Amino acid sequence: MTDDVGDIASYYNHNTEQEHQRLERHRLEYDVTWRHFEKYLPPEGSILEIGAATGRYTVELARRGYTITAVDMSVALLNECMKNVAAEGLSERVQFVMADARDLSQVVLETFDVVLLMGPLYHLVLETDRKLALRQARERLRENGLIFSSFISRYGILGELMKKVPEWIENQAEVRSVMNMGRDPNDHPQGGFRGYFVKVDEAVAMHETAGFETLALAGVEPAISACDEIYNQLEGKPRELWLDLLYEVSTEPSIIGASRHLLYAGRKRGH
């Protein structure tokens, strides 16, 4: 059984600008993610970016010389990605495909050096669908190719919820469902952000079961919880030094799960 994710595509079709601005608001997430990219990415090669959204990573990757196939299931996000890539004069480096992470049959190129799965696993609430997306990603990777996957942390979101929707705690049925199953109850009304929230050990296990060797698991907002403004206000050398330190502790096991977003880096194992 696969889940109907039409409501999720609709959510992003109606929230394009909000999604484009997200990594401006969550700048530490973006900066720490790039530090991990810079550690593991090959100096050149082909990238399959599944969940490219408006192209926040696409544009910079293309600027650095990679060839990219940008995939998204939201037509509005993909159109915005195309505009942003074109505005930078990088269209010749990027191909665009509208597709679901669980079915990459529309992707023409058969194998890639790197797969980015930077968002789809937020929204695949069924375990079978998460496994299917990882299987699709692995099939498109060359031997020893790299995968980067992002998740929303089950416990790391609590600070954000307390900050933005403190009344959430009063709906104990929903609270217990998220804490126990990582998602809203089955009868929760659709139409908003419908997601799956992962536990740290689960993020590693699902990749290793799918045939990947773990290189790193990081919390990409280490030690700041929901306080993005603290980092965003830093400038110059203090900001760079704080980024150095927070990147250094981003893989510290005792704090990974407290980050809202997690980043998995792995390598495709042989059969």
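What the table below lists for this structure:
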item	result
nm² value of the averaged projected area, convex hull over the Cα atoms of the stretch 159-248	8.3
Answer label for Rg and Dmax of the Cα atoms in Å (calculated), chosen among [x] 18.8, 53; [y] 18.2, 59; [z] 17.8, 51	[z]
For peptides 116-127, 245-256, sequence by mean Cβ density within 10 Å, most packed first	116-127, 245-256
Estimated distance in nm for a label pair at residue 201 and residue 180, the labels positioned 7 Å out from Cα along Cα-to-Cβ	1.9
Estimated Rh, the stretch 48-207: Kirkwood, alpha-carbon pairs, angstrom	17.0
Segment residue 193-residue 267, length gained on full extension (0.36 nm per residue, minus Cα span)	23.6 nm
Neighbour-count ranking [beta-carbon atoms within 10 angstrom, fewest first] of 33, 16, 209	209, 16, 33
Average Cα contact separation per residue, the chain, under 8 Å, 6 or more apart, as relative contact order %	22
Cα pair distances of the stretch 87-128 binned at 10 Å [whole percent]	19, 48, 28, 5
Stretchable slack from residue 235 to residue 4, in nm (0.36 nm times residue separation minus alpha-carbon distance)	78.8 nm
The chain: antiparallel DSSP beta bridges as a percent of all, rounded to 5	40
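Every number here is computed from the coordinates shown, using simple stated rules; none is lab data. All values reported here derive from a predicted model rather than from experimental measurement. Virtual Cβ from ideal backbone geometry, glycine too; neighbours counted across all protein chains shown.
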